[in-house]
Amino acid sequence: MESRSDQAKTDLASTATLIHGNGGDIVRSGAALSGWTNDLAPIAASDWSYDRAAHLIDRAGFGAPPEEIARLAAMTPEQAVTSLLDYQSIPNDLAPFDPSGVWDPSLRDFPPSRVAATERAEKTGWSLGAQVKPAGERRLQPVVDRFFYWLRATMLETRRLAHWWADRMVATSHPLEEKMALFWHGHFATGEEKIRDYRKMEQQLALLHRHATGNFRTLLIEVARGPAMLAYLDAAENVKGAPNENFAREVMELFTMGVGNYSEKDIREAARAFTGWIDDDLDFKVDPAKHDDGPKTFLGRTGNFDGVDILDIILEQKITAEYMAGKIYRFFVRENISPDVQARLGAVLRDGNYEVAPLLRTIFLSKDFYGAPSTGTRIKGPVELVVSTYRKLGVRHLPGIPDLFVVSRELGQTLLNPPTVAGWAQGRSWITPGLLLARGNFARDVLFPDIINFADPNFNPGTEVKRVNDRILAGYSIGDATVDQEPGGGGMEGGDKTMANVIAGAEDFNTRYGSLVGWQEAVRRIKPIPRAAAQFDLSALVMAAGAKTAGDAVDHLSLRLLSVPVSAAVRGTLVAFLERQLGTGDLARASTYLERPLRLTAHLIMSSPEFQLC
C-alpha cells in the first residue's frame, strides 16, 4: 500500500519553498503574542502563518506532515478552521470494523461471574448455550469452558476494535471528528473490562463519531440510553424502591455540571427518574415494572420526571454549559481557563442550543488559542502521541509493530478501557520519569522496530495458562496439570479446587483448564491484527524538501516532528551528531547510507521533551 511519504513527495518541493528561506533556514512565524491571552476575538488573516496552521492541526487533529500544514497556511484562518469543522463534505475512505464473528445469541445476558454461570447450569441444565454433561467427569466443564471463551474473546476483539480506531485516526481525512471522538470517550468513559461485550463498545464508539461535533443534548441522551453506559453504571440494579445512584451521580458530577452544583437529594431524586432504564442486548428499554413514576423534586423543580426530563433540567442550568465549555477548552487549549472566558464560552454553547461546532469555531479562531500560554504547552496524551507520530511521518495506516495495545498500556492510556468512569487525567499526569522513558522507547520502536523478537501479545495468555498448556501437551492429566499453581494467577476466576471436591476426589469443573480452553478457542476464532512495521523513508523526505547539509536535515526533521523548536544549542548538538554519523555534512556524499543516521537523529528528536508537547 502506498505510504503518505510516497504520496507527498511531489508536494514537498513547493512546501519547502513556502517554509524555507535562503540557505535552508526555516522561516517560522513570530512568537505567540502574550497580549492575546483570554482574547476571544478572531485572529486576523495578516497574523496567520505556517506555525499557527501547524498549531491548529496539532490541537484540532493529530498533527500533519509539512505539505498538509502548508495547505492550511495558504488559506485564511476562517477557511482553515472551516476545512476541519465541516468535514462531512470531505471524502473519507475508511474501512468499517471487520468483526471476527465471535459472538452468538447464546452469549446474551452473560453472567457476572463464573459462579453465576455454573449455578445457572446446575439449576437448569444449560448455561451460555452449553449443556451440562449427563454423566462422566467434570459435568459442568462445557459451561466453564464457554464462560472463559467469551471473557477472552471479547477482550481480544476489543483490542482489535481499538487498533481499528487508532488506524482511523492515522488514516482519516476528518481529524477533528476523531479528536472529538477521543475527547468524548474520555468524557463518557466506559470500559470493556466491566462491560464484557465488545459489541456495546463498538456501538458507543459509533455514537461518539456520529455526534462528534454535533448537538451535546442529543449525544448526552443517546449515551445515557446506550447499552454500554447502562451496563457500565449498573442500570439493571436501579429499580423502583431501591434506586442505584451510580448513573445519577456521575451524570451530574462528571458528564454535565461538575461537583458542588447539586445536592445529595438531587442525586436520589434523579436516580428515581432513571429507574427501569435497562439494555435489551444492544437496544434501550424501559421496564415499567421497575420504573418509579411518582413525583420527584430535582434542582428546584417538581414533576413526574423520567430520565430525559432530568437531563433537560440539567441542560437548563447555566453552570452546565459553562462546565462543558470549560472541559472542551481544557482539552483543546490549556488547563487554566479564566472565569470570564469560561462564562463567555458557556454562553456560546448555551445560546447555540448546545451545538458543539460553533463553540469549537470560536475557540479555534480566537487569538487566545494562538496566544503564548496556549502554544507548545500541552502534553500529548499517549494515543495522541502515537497517532501524531505516524501522521507527521506521512504513514497512512497504523502498523502492527509495535503493537498498539502494548504501547498504549505502557504509556498509560488503553483505548476502550479507561481506568474509571472519570476517564483519564490529562496534562502532567502523562509524564513521569518512567513514562518519559517509555515514550522514548516507543520512538525507538517506530524508527527501529524489533521485528526479529516481536511476538503477538494476543497469543500470550499469561504464565499460568501457559503452564497448564505445557503440562497438558506433556501428557499430564487435567487434574495434575492444574494443581500446584499460584491461586488466582494469570487473571483466572475460580482459584484452587474447592475442599469438597478434594475430599470427594472429583470435581464438577476445573477453572484452570476452562481458562486454557477458553483462550485456545478465542485465539483460534479471533481474526489476527496485521503485523508489519511502519513504512516511511526519511532519506526521501529530507532530500525532497531540498536539504543539502546535515543542518538542513536536522531543520527539516525538527520542522516535521516538533511543535516546539529546540534551542540553538540543542540544534547544534543534533547537527554535530548527524555529521559524525554521516562522516560528512554533505547529504549528497552520504546518499547511499543516509537512512540509518537520519533515523538515529530522529530518535534523539523524538525522545526530547519538546516532542511531548503541542
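The values are calculated or read from the model by the stated rules, or taken from the named source; none is laboratory data. The structure displayed is predicted, hence computed values, not measured ones. Methodologically, a virtual Cβ is constructed for each residue, glycine included, from the backbone with ideal geometry; neighbour enumeration extends over all protein chains shown. Protein only, heavy atoms only, side chains kept; ligands, DNA and RNA dropped before computing areas. Shrake-Rupley method; radii C 1.70, N 1.55, O 1.52, S 1.80 Å.
Remarks
- Exclusive hit being of a type in the set (F, W, Y) and surrounded by fewer than 21 Cβ atoms within 10 Å (Cβ to Cβ), set F188, F183: F183
- Number of the condition not met by K548 [criteria: (1) within 26 Å of D445 (Cβ to Cβ); (2) in contact (Cβ under 8 Å) with a residue 40 or more places away in the chain; (3) open to solvent by 10 Å² or more (accessible area, probe 1.4 Å)]: (1)
- L85 being open to solvent by less than 50 Å² (accessible area, probe 1.4 Å) and in contact with a Lys or Arg (Cβ under 9 Å, 6 or more places away or on another chain): yes
- For the condition modelled with pLDDT of 95 or more, within 32 Å of the chain's Cα centre (by Cα) and under 30 Å from R168 (Cβ atoms), P99 qualifies.
- Within the stretch 433-472, considering residues that are assigned to a helix (DSSP H, G or I) and open to solvent by 70 Å² or more (accessible area, probe 1.4 Å), the one farthest from T158 (Cα to Cα): P433
- Flag if L208 is under 22 Å from the mean Cα position of the chain (by Cα), part of a helix (DSSP H, G or I) and over 29 Å from R152 (Cα atoms): no
- Among the residues making up the stretch 123-140, those that are open to solvent by 10 Å² or more (accessible area, probe 1.4 Å) and touching a residue at least 40 places away in the same chain (Cβ under 8 Å) are E137, R138, R139.
- Condition met for A206 (of a type outside the set (D, E), modelled with pLDDT of 95 or more and surrounded by 19 or more Cβ atoms within 10 Å (Cβ to Cβ)): no
- When residues of the stretch 107-122 are limited to those that are open to solvent by 40 Å² or more (accessible area, probe 1.4 Å) and either in contact with a Cys (Cβ under 6 Å, 6 or more places away or on another chain) or not in a loop (DSSP other than H, G, I, E, B) (or both), the one nearest to D283 (Cα to Cα): R120
- Scanning the stretch 355-383 for residues that are among the charged types (D, E, K, R), part of a helix (DSSP H, G or I) and open to solvent by less than 30 Å² (accessible area, probe 1.4 Å) gives a single hit, D368.
- Matching residues, the stretch 241-264, being assigned to a helix (DSSP H, G or I) and either open to solvent by less than 40 Å² (accessible area, probe 1.4 Å) or closer than 27 Å to N353 by Cβ (or both): F247, A248, R249, E250, V251, M252, E253
- Within the stretch 42-82, the residues that satisfy the criterion of being open to solvent by 40 Å² or more (accessible area, probe 1.4 Å) and either touching a residue at least 40 places away in the same chain (Cβ under 8 Å) or part of a helix (DSSP H, G or I) (or both) are P42, A45, S46, D47, E68, R71, A74, E78, Q79, T82.
- Hits in the stretch 572-599 (condition: free of Cβ contacts under 8 Å to residues at least 24 places away in the same chain, buried (at least 16 other Cβ atoms within 10 Å of the Cβ) and part of a helix (DSSP H, G or I)): Q581, P597
- Just one residue in the set T213, T218 is among the hydroxyl-bearing types (S, T, Y) and open to solvent by 30 Å² or more (accessible area, probe 1.4 Å); that residue is T218.
- Checked against (1) part of a loop (DSSP other than H, G, I, E, B); (2) surrounded by fewer than 20 Cβ atoms within 10 Å (Cβ to Cβ); (3) in contact (Cβ under 8 Å) with a residue 24 or more places away in the chain, F284 passes all but a single condition, namely (1).
- Flag for N238 being within 23 Å of D306 (Cα to Cα), surrounded by fewer than 20 Cβ atoms within 10 Å (Cβ to Cβ) and more than 13 Å from the chain's Cα centre (by Cα): no
- D279 vs. criteria within 30 Å of E355 (Cβ to Cβ) and part of a strand (DSSP E or B): yes
- Residues of the stretch 384-414 classified as free of Cβ contacts under 8 Å to residues at least 40 places away in the same chain and open to solvent by 30 Å² or more (accessible area, probe 1.4 Å), total: 3
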